[in-house]
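Heads up, the thing below is written out as structure tokens.
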Amino acid sequence: MTIEIQRIGVVGAGQMGSGIAQVCAQAGYHVVMTDVTEDRLKAGLATVNGNLAKAVAKEQITEGDRTKALSLISTNPDYIGFADCDLVIEAASENEDVKRKIFAKLCPVLKPTGMIASNTSSISITRLAASTDRPERFIGIHFMNPVPRMQLVELIRGIATEDQTFEASKAFILRLGKVTTVSEDFPAFIVNRILLPMINESIYTLYEGVGSVEAIDTAMKLGANHPMGPLQLADFIGLDTCLSVMQVLHEGLADSKYRPCPLLVKYVEAGWLGRKTQRGFYDYRSGTPVPTR
Ligand code: NAD
């Protein structure tokens, strides 16, 4: 039996949740989104609106496409809004406890056939699935940032994920116009298993005084042809998310090579989380990014 997906729920209206809501609405799905406060929901919707307006200005979509996509997204601070969703995608902060509490609230209201996906960057899908009442209908659907622009989506099956859930998720990603890559369920999957240790190493390079923020980013942009320097990228991802991923790698693989750099810990403790808080390895408050070290 194939699972028909029509209505999508999104938990978390941050940079990833709002992007996921946008691409789903643009593909014609009905979307309901929740977050912890009305303000966060408003900010998420404003991001979607802004992105779509930019796409109209660049003539990538029409004004009609923009209004249609916006009309398909609704917000609801209450989980009851998810009752008849075919797929709920959890895109809340990268913290296992937060995610488990969300699933504990979601499962009693979500219809029995509803699938649940986590957009986690690193946490075990098998472990998250085991905390729900439907591990066979649970899967990792890992979008990349920024969601509307990035082509790739990683699909991660937990040990109990059924073929139907996997096939329906693959068809869903295809309808979004994106490309699937399949990863086994190991800490940080494929992209972040490779990317985050590189970012962590760039922070060690800064911490040990090998180079300044500017020198490190210029080196990797012009010397390795990366479109963004690793510290710029860390700010873009969010330093809290970078730290969580390194902690999951360090604990999950028990190898000291994944030890999070103490300087990354310090920035997160300061609340300097990168672009989303206006300060990280760069200070964005004046409009022009200024290195903070
Ligand atoms: P973010 O900080 O921009 O947004 C997280 C949102 O989750 C916030 O709006 C927060 O209020 C909300 N939230 C927290 N607790 C909640 C709860 N109990 N119920 C509902 N909402 C809650 O973070 P983000 O970058 O959007 O990351 C979200 C998820 O996506 C994480 O699991 C992260 O690892 C993953 N991810 C991030 C990136 C990236 O580059 N930032 C890329 C791929 C995947």
- Could you give every pair whose Cβ atoms fall below 8 Å, whose first residue belongs to the stretch 212-226 and is small (G, A, S), and whose second residue is open to solvent by less than 50 Å² (accessible area, probe 1.4 Å), counting only separations of at least 6 or pairs across chains? S212/L206; S212/P291; A219/G211; A219/G229
- Task: Quick one: D185 ticks every box in (1) open to solvent by 30 Å² or more (accessible area, probe 1.4 Å); (2) touching a strand residue (DSSP E or B) at 6+ places or on another chain (Cβ under 6 Å); (3) in a helix (DSSP H, G or I) except a single one, so which number is it?
- Result: (3)
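Residues checked against (1) open to solvent by less than 80 Å² (accessible area, probe 1.4 Å); (2) more than 16 Å from the ligand (Cβ to nearest atom):
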residue	(1), (2)
S18	yes, no
C24	yes, no
A27	yes, yes
L41	yes, no
T75	yes, no
K101	no, no
L110	yes, no
- Item | Residue within the stretch 183-191 that is polar (S, T, N, Q), within 21 Å of I141 (Cα to Cα) and free of Cβ contacts under 8 Å to residues at least 60 places away in the same chain present | yes
- Residues that are open to solvent by 40 Å² or more (accessible area, probe 1.4 Å), outside the structural domain of I203 (by TED's automatic domain parsing) and touching a Ser or Thr at 6+ places or on another chain (Cβ under 8 Å): find the helices (runs of 4 or more DSSP H) completely inside the stretch 226-293 holding 1 or more of those. none
- Task: Answer yes or no as to whether A83 is at pLDDT 95 or above and over 16 Å from the mean Cα position of the chain (by Cα).
- Result: yes
- Which residues, taken from the stretch 133-175, are in a loop (DSSP other than H, G, I, E, B) and away from the ligand (no atom under 15 Å from the Cβ)? D133, R134, G158, I159, A160, T161, E162
- Message: I'm trying to understand the selection: among the residues of the stretch 1-16, which are within 16 Å of the ligand (Cβ to nearest atom) and not in a helix (DSSP H, G or I)?
- Response: I8, G9, V10, V11, G12, A13, G14
- Condition broken by T75, with the remaining ones in (1) in the same structural domain as S131 (by TED's automatic domain parsing); (2) touching a residue at least 60 places away in the same chain (Cβ under 8 Å); (3) under 22 Å from I173 (Cβ atoms) satisfied: (3)
- Query: So which of L70, L87 ends up being more than 14 Å from the ligand (Cβ to nearest atom), touching a residue at least 24 places away in the same chain (Cβ under 8 Å), open to solvent by less than 10 Å² (accessible area, probe 1.4 Å) and out of contact with any Lys or Arg (no Cβ under 6 Å at 6 or more places or on another chain)?
  - Reply: L87
- S93 versus (1) among the hydroxyl-bearing types (S, T, Y); (2) buried (at least 21 other Cβ atoms within 10 Å of the Cβ); (3) within 16 Å of the ligand (Cβ to nearest atom): which is the lone unmet condition? (2)
- N145: in contact with a Pro (Cβ under 7 Å, 6 or more places away or on another chain) and either closer than 28 Å to F236 by Cα or open to solvent by 50 Å² or more (accessible area, probe 1.4 Å) (or both), yes or no? no
- Task: Check whether at least one residue in the stretch 196-213 is open to solvent by 40 Å² or more (accessible area, probe 1.4 Å) and either under 19 Å from P146 (Cβ atoms) or in contact with a strand residue (DSSP E or B) (Cβ under 6 Å, 6 or more places away or on another chain) (or both), and report yes or no.
- Result: no
- May I ask you to verify whether K170 is surrounded by fewer than 21 Cβ atoms within 10 Å (Cβ to Cβ), at negative phi, at pLDDT 95 or above and touching a strand residue (DSSP E or B) at 6+ places or on another chain (Cβ under 8 Å)? yes
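The values are calculated or read from the model by the stated rules, or taken from the named source; none is laboratory data. Values in this document were obtained by computation on a predicted structure and should not be read as measured data. Note: ideal-geometry Cβ built from the backbone for every residue, glycine included; neighbour counts use all protein chains shown. Areas reflect the complete protein model, heavy atoms only, side chains present, ligands, DNA and RNA absent. Shrake-Rupley method; radii C 1.70, N 1.55, O 1.52, S 1.80 Å.
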